[in-house]
Amino acid sequence: MKTFPIGGIHPSDNKEWSKDKAIEVIDLPNEVIVPMIQHIGAPSTPLVQKGDKVLTGQLIGQATGFVSANIHSPISGTVTAVDAFPNGQGQRRIMIAIKREGDEWMEGIDRSTEHKRECTLSAQEIVAKVKDAGIVGLGGAQFPTHVKLAIPDGQKADTLIVNGVECEPYLTSDYRNMLERAEMMLTGIEITMRALGVERAIIGVENNKPDAIAHLNEVIARDSYRGIEVMPLKMRYPQGGEKQLIAAVTGRQVPPPPALPLSVGVVVCNVSSAIAIYEAVQKNKPLIERVVTITGKEIGQTHNFMVRFGTSLDYLLSLSGGLPEGDVKVLNGGPMMGRAIVDTTAPIIKGCSGITILSGKEAARGKESACIKCAKCVSVCPMGLEPYLLSRLARLQKWDMAEEHNTIDCIECGCCSYTCPSNLPLLDYIRIGKQTVMTNIRARAIANKK
Amino acid sequence: MNTLVLTVLTLSVLGILLAIILYFVAQKFKVEEDPRIDEVEKMLPGANCGGCGFAGCRAMADALVTRENIASLFCPVAGDGVMKDIAGFLGKVAPEKEPMVATMRCGGTCQKRPKVNHYDGALNCAVVNTFYVGESACAFGCIGYGDCVDACKFDALHLNTETGLVEVNPDKCTACGACVKACPKGLIELRKKWPKNRAVYVACRSKNRGAVVMKACKAGCIGCGKCEKVCAFGAITIENNLAYIDFEKCKLCRKCVNECPTGAIHLENMEPLPKEPKVVKSAPKSEEVAK
């Protein structure tokens, strides 16, 4: 069975807590707060004002830059504020608060459950629809999908890789999507293949999800989806990383940044994003909801909820029996790459595939001691970097040296911090190094242009 | 015996020969350098802190000697006196600058700005800043892991463990500006150094609206504008719900200090003005705040 060539770890997957919970459509919240930044790139511009009436699926945030995405109203009702609200990290960002009045949808959105497979649109039309629908990568990176699908002149893709790995422990939203919405997903993949002009699509799924692999194979055979195959992969974190997945599936190595996967003829797309593409192209439905896993060992009930964006985390927690007693760590995402949330009034956004709740004891870091030069971090780094060195250089603020040692290649998977026997916060420092070096490179590029 | 003489002789001849070669090589590759650079370097403090904008004192000395106009060059560590001496030595016009001092503009102590979460990562302000707003609910306040303390080469900054805030020792501070760069929240400002280390400044950087500030911190500026109204010199401006005292215009009259409802305006090394009679009613309240 295939996997990526270097590094990686094997954390316990902890998926048993929520993997058997079917996707539940929850009662709509009475109020949503929709952030104007739910993608990487520039924030969108609000198109509504306080007091405006909006319908479900109405465009309320216009994409401003090339790498930016539209934002649509997830419910119908009245806009109560366009103001700065705290996000999960406590930072105040521009968001639109909407009070719900019923659930009236925009005209033209097909809400029937009927499956529509036929697609005769051209590549440009598909990309335009995806762009209008504000689709971003739902695996967590939130990269606008239309940018990925629009292949620049002179470049060519030959393979679409669909990311069904979900290597992050605890999370099961992609898994449930593969089991329950396979037809939509496969049609979405077909449409994406059409947009890219590729003949081959490979769905990478880790072998800890044998039923998903079997189900997908069954549907592919039954409905004769041509050119799509499912590739079981050996379970290893961070297989869901774009470069790792490409290496695992095709054996090709993506060159260091700024090169994109397209330079080796590959485009990667998440399974949940494929469903969003299907809905956007075939049903005219913008991206306004997603599956969010609520999980953790200590939480009362675990769920896989279908959540409209902007729903507050408090509301989801109240449906799951509330937070457990004592100190807890609430993560937007899983325990490896998830970001801790300090404000539970924060809204769910496009990139949130799950909420993991760890007890204070589980989440506590060990006591930090000196580096013993065991090089474990080097052996687990999937990018072939030297985390101990990069972390040290960032601590000493030797940005030039950090750049020489390719700190910007770091994918922030956290394998180094996970494996360190001295409990060093390696990634914490590498992240600063990476950010500073990126800023320096950008500043240099601007200076050179002048 | 013979061997000994021979050895001494050979080595001496070799030494003399090499010395001659070295002499000519040195003549050939001689670098002309202004001897005054050495002199000026000796006059500079030698801290190599980079506060002047150059890589170190040697680079600064080089610039002072070679540039014709040195008005833009200033060593904040040495101060006015030394700069005048150097300018006199070089026969140039000295730059004139008022002495400055680093000022930490956050008054959110542990008591006034309670912690709402527990941070477990690397103890470094810059790291915290990449993750989230910090342990309190204020997104603008001091994180308190002392990046500025580490950056200070003059032992002028210290972390007060009782308040959780960094304090500046104005006598040791040279206004080199290293801490200003180190603070990820941009809390430290170089302000005019008054005699006897007196100072009046707004100890808050929160641009949030009053209600949000009050929820997070009891010592924050709520942007009410009372200080702006009372200031007779037009030194106080309110922008983005935050008051700022311009130290160029401020005359240390202290009227604003009594006006501030949250105590965000800090007064240092000076007695506050006596309270006016009409404020007496609310006097017990302000005592509570002081506690």
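Among what's in the range A:279-318 and is touching a Lys or Arg at 6+ places or on another chain (Cβ under 8 Å) and part of a loop (DSSP other than H, G, I, E, B), pick the residue that is nearest to A:Tyr175 (Cα to Cα).
A:Thr302
Taking helices (runs of 4 or more DSSP H) that fall entirely within the range A:366-450, which contain at least 1 residues that are free of Cβ contacts under 8 Å to residues at least 60 places away in the same chain, in contact with a Phe, Trp or Tyr (Cβ under 8 Å, 6 or more places away or on another chain) and aromatic (Phe, Trp, Tyr)?
Correct list: empty, since no element meets the threshold.
What pairs come out if I take residues in the range A:139-155 that are in contact (Cβ under 8 Å) with a residue 12 or more places away in the chain and pair them with residues that are among the polar types (S, T, N, Q) and open to solvent by 70 Å² or more (accessible area, probe 1.4 Å) whose C-beta lies under 9 Å away, six or more apart or interchain?
Here the result reads A:Ala150/A:Gln124, each pair linking the range A:139-155 to a residue that is among the polar types (S, T, N, Q) and open to solvent by 70 Å² or more (accessible area, probe 1.4 Å).
Looking at (1) in a loop (DSSP other than H, G, I, E, B); (2) in contact (Cβ under 8 Å) with a residue 24 or more places away in the chain; (3) open to solvent by 30 Å² or more (accessible area, probe 1.4 Å); (4) over 18 Å from B:Gly134 (Cα atoms), can you tell me which one B:Lys218 breaks?
Going through (1) in a loop (DSSP other than H, G, I, E, B); (2) in contact (Cβ under 8 Å) with a residue 24 or more places away in the chain; (3) open to solvent by 30 Å² or more (accessible area, probe 1.4 Å); (4) over 18 Å from B:Gly134 (Cα atoms) one by one, B:Lys218 breaks only (4).
Would you point out the residue of the range B:1-59, among those that are within 16 Å of B:Ile86 (Cβ to Cβ), aliphatic (A, V, I, L, M) and not in a helix (DSSP H, G or I), that is least open to solvent (accessible area, probe 1.4 Å)?
Within the range B:1-59, the match that is least open to solvent (accessible area, probe 1.4 Å) is B:Leu44.
Identify, please: which residue in the range B:117-130 is part of a loop (DSSP other than H, G, I, E, B) and within 7 Å of chain A (Cβ to nearest Cβ) and is, among those, surrounded by the most Cβ atoms within 10 Å (Cβ to Cβ)?
So in the range B:117-130, the residues part of a loop (DSSP other than H, G, I, E, B) come out as B:117-124.
Still in the list and also within 7 Å of chain A (Cβ to nearest Cβ): B:117-118, B:120-122.
Working: B:Asn117: 19, B:His118: 12, B:Asp120: 13, B:Gly121: 16, B:Ala122: 25.
Looking at residues that are part of a loop (DSSP other than H, G, I, E, B) and within 7 Å of chain A (Cβ to nearest Cβ), I get B:Ala122.
Would you say A:Tyr237 is open to solvent by less than 50 Å² (accessible area, probe 1.4 Å), of a type in the set (Ser, Thr, Tyr) and within 19 Å of the chain's Cα centre (by Cα)? Outline the logic, then answer.
Details: open to solvent by less than 50 Å² (accessible area, probe 1.4 Å): yes; of a type in the set (Ser, Thr, Tyr): yes; within 19 Å of the chain's Cα centre (by Cα): yes.
Taking the combined requirement at face value, the residue satisfies it.
Have a look at A:Lys329, A:Lys367, A:Lys361 and point out the one that is touching a Leu at 6+ places or on another chain (Cβ under 6 Å) and within 13 Å of another protein chain (Cβ to nearest Cβ).
Answer to the selection: A:Lys329.
Just to be sure I understand the filter: pairs with C-beta atoms under 7 Å, separated by 6 or more residues or on different chains, first member in the range A:334-347 and not assigned by TED's automatic domain parsing to the domain that holds A:Thr293, second member of a type in the set (Lys, Arg) and surrounded by 19 or more Cβ atoms within 10 Å (Cβ to Cβ). Which pairs pass?
Close Cβ pairs (under 7 Å, with a partner that is of a type in the set (Lys, Arg) and surrounded by 19 or more Cβ atoms within 10 Å (Cβ to Cβ)) do not exist here.
Yes or no: B:Thr163 assigned to a loop (DSSP other than H, G, I, E, B), among the hydroxyl-bearing types (Ser, Thr, Tyr) and either crowded, with 20+ Cβ neighbours inside 10 Å or assigned by TED's automatic domain parsing to the domain that holds B:Gly56 (or both)? Let's see the steps before the verdict.
Values: assigned to a loop (DSSP other than H, G, I, E, B): yes; among the hydroxyl-bearing types (Ser, Thr, Tyr): yes; either crowded, with 20+ Cβ neighbours inside 10 Å or assigned by TED's automatic domain parsing to the domain that holds B:Gly56 (or both): no.
When the stated conditions are applied, B:Thr163 does not pass them.
Cβ-Cβ under 9 Å, sequence separation 6+ or interchain: first residue in the range A:32-51 and charged (D, E, K, R), partner crowded, with 24+ Cβ neighbours inside 10 Å. Which pairs?
Close Cβ pairs satisfying both conditions: none exist.
Can you work out which of the residues in the range B:96-116 that are away from chain A (no Cβ under 14 Å) and outside any loop (DSSP other than H, G, I, E, B) is most open to solvent (accessible area, probe 1.4 Å)?
Per the criteria, the residue is B:Met100.
The values are calculated or read from the model by the stated rules, or taken from the named source; none is laboratory data. All values derive from a computational prediction rather than experimental measurement. Using ideal geometry, Cβ is built from the backbone for each residue, glycine included, and neighbour counts are taken over all protein chains shown. SASA here: full protein model, heavy atoms, side chains in, ligands and nucleic acids out. Shrake-Rupley method; radii C 1.70, N 1.55, O 1.52, S 1.80 Å.
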